[in-house]
Each structure stands twice: as structure tokens, then as C-alpha cells.
Amino acid sequence: MAANPKNIHTEQSEVTAKRKGEHIRICLEEQVQAEGIRTGLDKLRFRHCALPELALDNISLESEFLGKKLGAPLLVSSMTGGTEEAGEINRRLAEAAQEHGWAIGLGSMRAAIENEALAPTFKIRSYAPDVPVIANLGAVQLNYGYGIEECRAAVELAEADGLVLHLNSMQEVFQAEGDTDFGGLLRKIEQVCRSLDVPVGIKEVGWGIDGDTAQALASAGVAFIDAAGAGGTSWSQVEKYRSSDPMKRLAAEAFADWGISTADCIEDIRAKAPDAFVIASGGLTHGVDAAKALALGAHLAGFGRVLLPGAAARAEADGSWEEALHDQFRRIAFELRAAMFGIGAGSIAELRHTSRLIR
Ligand SMILES: Cc1cc2nc3c(=O)[nH]c(=O)nc-3n(C[C@H](O)[C@H](O)[C@H](O)COP(=O)(O)O)c2cc1C
């Protein structure tokens, strides 16, 4: 009997959705932190200013991204969608992003492209009407049947202000179902940038983007570059826990320290692609990390796994998780503001040009 393409489609979407569920569980329960490499932000310090000559309350964190105003130059990194649980996480993150004025990225929307029944898990616009929402797809899918149409569909579905294509070569290597043909992608990315009505960005997923790659991407028309450097969540570690292949599990361990640290990415990208709009992410845990990344010249700072609600919080009655999330958003912005006070920077522009960062 001939295969029914619709069934293949549904089967594929089930695989994709199952993977998303496993990613959340593994990220919450297993040791997925990169080992032997840190963000590099920990090595940087600010030279304290005893006389800041400004009032804490007058410090402005206001910023702009994708044509929208932000309460702070902060971003919820692309994480999830595609399962009921993931949809709930997206909605809570979106509400918090809206309230605190952060930008928010969605996880890969492939599951919804493959099965429109999963689309609601990515529909966060009504929860975050005023902040930038970023649609997400894997860049490598451009080599596996995806094109402009799917990119447009993702943007429309999310009513997004922009699309980010993620580069995750090393994750695909360790996935049993991995798509590992990354040949000729730059040209295809360029076509997507040219064809879409919204800005198109590129992000890594935790191994970083170097300056030369950033320069090539910027020349191809990429509107923003999210370094997603090493020192935080390691996707070879995550896939190690999903793999049933003993060889790949062992091999994944050899990559626990792979990648370019987040701080090195920002410095290199700023040097080689000075006009690029740069997002610093990968292993950021607090507002002082964000302040250091911005002082290195990044325009926004992104937070991923640390924003995921712990299993215990989710198991508890409604409300507590939401409160914990809001507290975390508030704390990160407070730490950023306090760090700016500590060096006498009254605005994000002043922070980005401070001479008080000690390398
Ligand atoms: C549970 C989870 C799922 C993720 N899924 C995606 C995804 O679908 N698309 C993507 O571009 N990045 C994805 N990421 C990667 C993050 O956007 C981020 O680049 C990476 O986790 C490094 O940042 P962190 O160290 O702050 O977690 C995911 C991260 C987590 C924790």
C-alpha cells in the first residue's frame, strides 16, 4: 500500500513534539551545563565608581528592538512549543515578557508547520501584545524541504516581529534523527532575508558564533545575530541523555567543553562585524552578566534555561510558578540597574560605552 503523505507528516510531527517534551524534561532534570568552559563573563569585572553622580531611580534601561520599545534590553531566548506543557510555558513566559518589557523568542516552530493542531502552543501574541515576538526555525531545514513559504508561515502563525533561524550543527550530529547537511546554507539564508517582510536573525544554541561567520551573515542581510555562546546549556549534553546509541553517548561527553565562550563571541563579532545588531546569550544567569555583555558592546542580553520553571514549581498549585517567574524577571532587571549604578551609567548607551569594564 502506498504511504499516505499526510500520515508521514503526522508521524514526523509526533517525533518533533516528543523531542521537544524530552528537551524540557532533560534540561530540568539532568546535568546539561557545559563542562570545562564558562561564559567568560565571569572573568570580567567592573571598576566600581564610588561617586556615581546619579540617582538609582533615574537610571533608564529603556531600549528598542525590531521597532518596539523595551523596558530593558533583555530577551527570553527561543526555547519551546509543540506540546501542551510547552504551550503553557510559552504563555507564562510571554505574560512575564509583556509585563517586564522583554523581547521573547519562540522555540523551533517546525512542529506547528508539520501539524497545525500544534499551532496554538506557539500563539503567544495575545499574551505579549506590545513586545517583540520572534518566530524560530532551524536554518538547516532549508536543506530539507523548507523554503520561504515555511518561514513566512512561522512568522504569520506567531504574528511575529521577526524570524530567527538557529544554527545547531553539533546538536544535529548527536541526534538519532539529526539533519546534518549544512552545505550551501548561507546562500539560502540570504534568500530568506531578501524575501521576508520582517527582519531575519541568526542564532546559535550554545556553541557560539565567531566574528568571521557573523560578518558573512551580516553581508547576507541578517538583521541581528544572537551569539548563544558556550558556558551555559550544552546541547551535546542534552542529546547525550536522549541517545540510545552508546557510541554517540560516549562521544557526546568529549564535546562537553566545545564552543566559543559567550564573552569571546561578543568581542569577536563586535570587532569583525561592528555594525551588526548583537544579542549576547549562552549561560547568562543574572543581571550583572547582562551588564557585562552589554558593556562588551552587545545590544541585548538573552536568558534561556534559567528561566524554565523547575519541575517542583510546576507541580505546585497555580500561581507560585508565575510569581517565581515574575520575581526572576524583576531580579535580573534590578541587578542590571544596580550594576549600572555601581559604575555610574545612566542609560544603556552609556553602559555600552563604559570605560569601567576590566578585561
Ligand atoms: C528547553 C530548551 C529548548 C530549546 N529549544 C530551542 C529551539 O527550539 N530553538 C532555538 O533556537 N534554541 C533553542 N534552545 C536554545 C536556547 O535558545 C539557547 O540558545 C541555549 O539554551 C543557550 O542559552 P542558555 O545557556 O541561557 O540556556 C533551547 C533551550 C532550552 C533550554
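Accessible surface ranking for His286, His100, His23, 1.4 angstrom probe, highest first: His286, His100, His23. For the pair Ala254 and Asn143, the difference between a 0.36 nm per residue extended length and the Cα-Cα distance amounts to 37.2 nm.
Solvent exposure of the chain, expressed per residue, is 43 Å² of accessible area, with all protein chains present and a 1.4 angstrom probe. Structure remark: mean-square fluctuation, Gaussian network model of the chain, C-alpha springs under 10 Å; the largest value among Leu56, Leu137, Leu93 belongs to Leu56.
In the stretch 37-145, which chymotrypsin sites (Phe, Trp or Tyr not before Pro) fall in coil by DSSP and have 12 or fewer other Cβ atoms within 10 Å?
Details: sites: Phe46, Phe65, Trp102, Phe122, Tyr127, Tyr144; in loops: Trp102, Tyr127, Tyr144.
Loop-located and lightly packed - Tyr144.
Note on Ala349 and Glu22: their simple-model spin labels are 4.9 nm apart, each label 7 Å out from Cα toward Cβ.
So what is the relative contact order of the chain, in percent, for Cα pairs below 8 Å that sit 6 or more residues apart? Intermediate results must be reported in sequence, preceding the final value.
Numbers: 753 pairs, mean separation 77.9, N = 359.
Relative CO of the chain lands at 22 percent.
Let me know the charge dipole size of the stretch 227-294 about its Cα centre in debye, to the nearest 20, where only the beta-carbon of Lys, Arg (+1) and Asp, Glu (-1) is charged. Each step should come with its number before you reach the end.
Numbers: 7 positive and 9 negative charges, 37 e Å.
Once rounded to the nearest 20, the dipole reads 180 debye.
Arg125 contributes an accessible area of around 30 Å² to the protein surface, as traced by a 1.4 Å probe with all chains present. Computed extension gain for Ala117 through Asp197, at 0.36 nm per residue and net of the alpha carbon distance, reaches 26.3 nm.
Considering only Ala254, Ala338, Ala276, the mean-square fluctuation computed in a Gaussian network model of the chain, springs between alpha carbons under 10 angstrom, is largest for Ala254. Counting only residues at least eight positions apart within a chain, or on another chain, the lysines with an alpha carbon under 27 Å from that of Lys43 are Lys203, Lys272, Lys292. Backbone amide hydrogens, once placed in the peptide plane, bring Glu64 within less than 5 Å of Leu70, excluding anything fewer than 5 places away on its chain. In the chain, a dipole from Cβ-located charges (positive for Lys and Arg, negative for Asp and Glu) runs towards its positive end, and of Ser281, Ala349, Val140 it is Ala349 whose Cα lies farthest in that direction. Shown for the stretch 87-207: the carbon plus sulfur share of the solvent-accessible area, taken with all protein chains present and a 1.4 angstrom probe, equals 46%.
Per-residue ellipticity at 222 nm, computed for the chain from helices alone with -39500 (n - 2.57) per DSSP H run of at least four residues, works out to -13000 deg cm²/dmol. Of Arg330, Arg92, Arg305, which has the largest mean-square fluctuation in a 10 Å C-alpha GNM of the chain? The residue that fluctuates most here is Arg330.
Charges at C-beta only: +1 for Lys and Arg, -1 for Asp and Glu. How large is the resulting dipole of the chain about its Cα centre, in Debye rounded to 20? Don't jump to the answer; show the numbers that get you there.
Numbers: 36 positive and 50 negative charges, 133 e Å.
Here the size comes out at about 640 debye.
Under the simplified labelling scheme, the Arg187-Glu323 pair shows an inter-label distance of 5.8 nm, with each label point 7 Å from Cα along Cα→Cβ.
The values are calculated or read from the model by the stated rules, or taken from the named source; none is laboratory data. Everything quoted here is computed from the prediction, not taken from an experiment. Using ideal geometry, Cβ is built from the backbone for each residue, glycine included, and neighbour counts are taken over all protein chains shown. The area values use the complete protein model at the heavy-atom level, side chains included, leaving out ligands, DNA and RNA. Shrake-Rupley method; radii C 1.70, N 1.55, O 1.52, S 1.80 Å.
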